[in-house]
Each structure stands twice: as C-alpha cells, then as structure tokens.
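S.K.: Quick one: structure below, then a few questions.
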C-alpha cells in the first residue's frame, strides 16, 4: 500500500472518530435531553436502515426484493441473527433456483 493511500485511510479514520466522539461529547454536556431530540435520535437507526435497503429493493431483481420483504416480516418475530441467517439462505436459494 502506498503512503498516500495509508494517509488517506488514516485521515478518514480520524474524521470518522472525531464525528462520533464529538456527538457523544455534545450529548453528555447536557444534563437532560429534550424529548423531541431523544425521539429524533431514536429514529436514526430506522432511517439509516431504510437508506440502505430501499435502493437495493428498487434497483435489484424480484429475488432481492422478495428476500428483503420476507426478512422484514421474519424480523418482526425473531432476532437480528435469525433474520441475517434466514435472509442469506433465502437469497442464496433463490439465486440457485432461478
């Protein structure tokens, strides 16, 4: 790996760490968090998941879209590990069969 690539990766790592640590420090500075801010922070994981899953479902084939839909339904009943295993097995099976 060249020195330029190493420096770029190190800089990106530092920026990522700074943004995460900065957010943590800012939240810890306040003694209490307003309920609206807490609700917004609680919504972040769902928003991030949506930005990852929806483009895949819309631009890929029917097998991927079906796997995402069924995995979401499985996720309502079971934990994340079950969803990951089920989704992986389902997409591999569908790709092998069709």
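Each reported figure results from applying straightforward, stated rules to the coordinates on display, with no laboratory input. As the structure is a computational prediction, the values presented were derived from the model and not from experiment. For neighbour counting, all protein chains shown are included, and Cβ atoms are generated from backbone atoms with ideal geometry for every residue, glycine included.
S.K.: I'm told residue 33 meets every condition in (1) assigned to a helix (DSSP H, G or I); (2) over 17 Å from the mean Cα position of the chain (by Cα); (3) surrounded by 10 or more Cβ atoms within 10 Å (Cβ to Cβ) except one. Can you identify the failing condition by its number?
M.R.: For residue 33, the failing item is (1).
S.K.: Cβ-Cβ under 8 Å, sequence separation 6+ or interchain: first residue in segment 3-25 and over 23 Å from residue 41 (Cα atoms), partner surrounded by 10 or more Cβ atoms within 10 Å (Cβ to Cβ). Which pairs?
M.R.: If the second residue must be surrounded by 10 or more Cβ atoms within 10 Å (Cβ to Cβ), no pairs are left.
S.K.: Please work out if residue 90 is part of a helix (DSSP H, G or I), more than 18 Å from the chain's Cα centre (by Cα) and surrounded by fewer than 10 Cβ atoms within 10 Å (Cβ to Cβ).
M.R.: So residue 90 does not fit the description; no.
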